[in-house]
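The values are calculated or read from the model by the stated rules, or taken from the named source; none is laboratory data. Just so we're clear, the structure is a prediction, and the values are computed from it rather than from any experiment. All Cβ positions, even for glycine, are placed from backbone atoms using ideal geometry, and neighbour counts span all protein chains on display.
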Protein chains: 2
Amino acid sequence: MNYLTYLSVWDKLNKSQQDTLINSAVNRKFKKGEILHNGSDDCTGLILIISGRLRAFTISEDGREITMYRLFERDICLFSASCIMNSIQFDITIAAEKNTEVLVIPSEIYKSIMEVSAPLANYTNEIMASRFSDVMWLIDQVMWKSFDKRLADFLLNEMSIEGTSTLKITHETIGNHLGNPREVVTRMLKYFVNEGLISLSRGTIEIIDKDGLEKIID
Amino acid sequence: MNYLTYLSVWDKLNKSQQDTLINSAVNRKFKKGEILHNGSDDCTGLILIISGRLRAFTISEDGREITMYRLFERDICLFSASCIMNSIQFDITIAAEKNTEVLVIPSEIYKSIMEVSAPLANYTNEIMASRFSDVMWLIDQVMWKSFDKRLADFLLNEMSIEGTSTLKITHETIGNHLGNPREVVTRMLKYFVNEGLISLSRGTIEIIDKDGLEKIID
């Protein structure tokens, strides 16, 4: 199976460009929790997700985290190849949220084709615009939305991603997604328990009243 | 004077592409405060700033504002042509901060050249990456920096942009830049006065102790 066909631009590349990509792309597997890319220290390459899930986040000077976006099967991770563009002047960390299998396209190979191929350059533009939209959504959330709305939204999103109302996730992990201290998460979860929206047990959050959480968001 | 040469990619376009741009680009002038582009309602075109200054910001549902970035002479405003990319799924508003003269390249013209020109597509990539970096800086600020640091940074930046330590700016305008209510700005400015960093008079902020403001940021 040639996973490179996941690139929707594949058919617009010429034979030689396709061959170059096929010969240079490398399969890699990452265990849950493993870091694939760390800030500006490395330029791993473009990462195409075959299976699993990645999380892109930033870390503050004192070690706090906030999730920028998550990437799923068939998604492309562009910023792990940040050296392909001079104007990318920020650090992002990419970690595996599950055991994840990827295809890595070396940065210099991708860059050399992008420089001559308008279709690939435009495809790259679309990927970046899509991540830009994620980040603009995040700004809207952290600037204007109260924490109860953000937490309710996060829980419903997790429920949808995992396909279950029983979420195995710690309060600290939620804090790292939303950019808030663990205690703030715990306090709001307890409020949700009192409202009959969820129940808590060790390492697990059970969503009881989905409609109630949706009402909080609106 | 052909201001299109401000596009650093100009020499890499062929004669026919250059002619198309020259024939379609339109000079426009905007008065201070005028809105050039409003959310997703319009797709004005790519805006090249000849002189003046633009501000890109988003507006919350209840009308609060926060500045994403500002654009100066020779800068390019890409998101006023957001319809050139499907994946741009967010609204941004662009306003003139001063009387501003621009060159507008119609979106469909720019898009048609970008689709076939790898240099123009890559140039567009670099512009977007640059704005992406601005927005990542903003997230870092609003997530992890206390308001005194953000305000001190803003005042020093204004001083540098305007080339004077006497800033003619209202507390409300500062609030709209930083995404905070006017009262919060006023309270922190008064604290800065007490610390001997600035002085206030009607519609004016005088920066007295630049070093002191810099110390707050560090």
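All of A:67, A:5, A:20, A:44 fail the test of being among the hydroxyl-bearing types (Ser, Thr, Tyr) and under 12 Å from the mean Cα position of the chain (by Cα), apart from A:67. Among the residues of the range B:125-140, those that are out of contact with any Leu (no Cβ under 7 Å at 6 or more places or on another chain), in contact (Cβ under 8 Å) with a residue 24 or more places away in the chain and either not charged (D, E, K, R) or not assigned by TED's automatic domain parsing to the domain that holds residue B:15 (or both) comprise B:135, B:138.
Of B:11, B:19, all but one fail to be in contact with a helix residue (DSSP H, G or I) (Cβ under 9 Å, 6 or more places away or on another chain) and without any contact (Cβ under 8 Å) to a residue 12 or more places away in the chain; the exception is B:11. Of all residues in the range A:165-218, exactly one satisfies the criterion of being aliphatic (A, V, I, L, M), loosely packed, with under 15 Cβ neighbours inside 10 Å and under 25 Å from the mean Cα position of the chain (by Cα), namely A:217. Name the single residue, out of those in the range A:108-117 being surrounded by fewer than 20 Cβ atoms within 10 Å (Cβ to Cβ) and within 9 Å of chain B (Cβ to nearest Cβ), that is farthest from the chain's Cα centre (by Cα). Here the answer is A:116. Among the conditions (1) closer than 28 Å to residue A:141 by Cα; (2) out of contact with any Cys (no Cβ under 6 Å at 6 or more places or on another chain), the only one that residue B:43 does not satisfy is (2).
Considering B:129, B:152, the condition of being at the interface with another protein chain (Cβ under 7 Å from one of its Cβ atoms), in a helix (DSSP H, G or I), small (Gly, Ala, Ser) and crowded, with 20+ Cβ neighbours inside 10 Å is satisfied by B:129 alone. Taking the range A:50-78 as the range and being among the hydrophobic types (A, V, I, L, M, F, W, C) and either assigned to a loop (DSSP other than H, G, I, E, B) or more than 9 Å from every other protein chain (Cβ to nearest Cβ) (or both) as the test, the residues that pass are A:50, A:54, A:56, A:57, A:59, A:71, A:72, A:76, A:77, A:78. When residue A:162 is tested against (1) within 14 Å of another protein chain (Cβ to nearest Cβ); (2) over 16 Å from residue A:84 (Cα atoms); (3) exposed (fewer than 15 other Cβ atoms within 10 Å of the Cβ); (4) among the charged types (D, E, K, R), just one condition goes unmet, and that condition is (1).
Looking at A:88, A:105, which is the one that is of a type outside the set (Phe, Trp, Tyr), within 26 Å of residue B:84 (Cα to Cα) and crowded, with 19+ Cβ neighbours inside 10 Å? Working first, answer last.
Details: A:105 fails: within 26 Å of residue B:84 (Cα to Cα).
On inspection, the qualifying residue turns out to be A:88.
Of all residues in the range B:91-102, exactly one satisfies the criterion of being within 9 Å of chain A (Cβ to nearest Cβ) and surrounded by 22 or more Cβ atoms within 10 Å (Cβ to Cβ), namely B:92.
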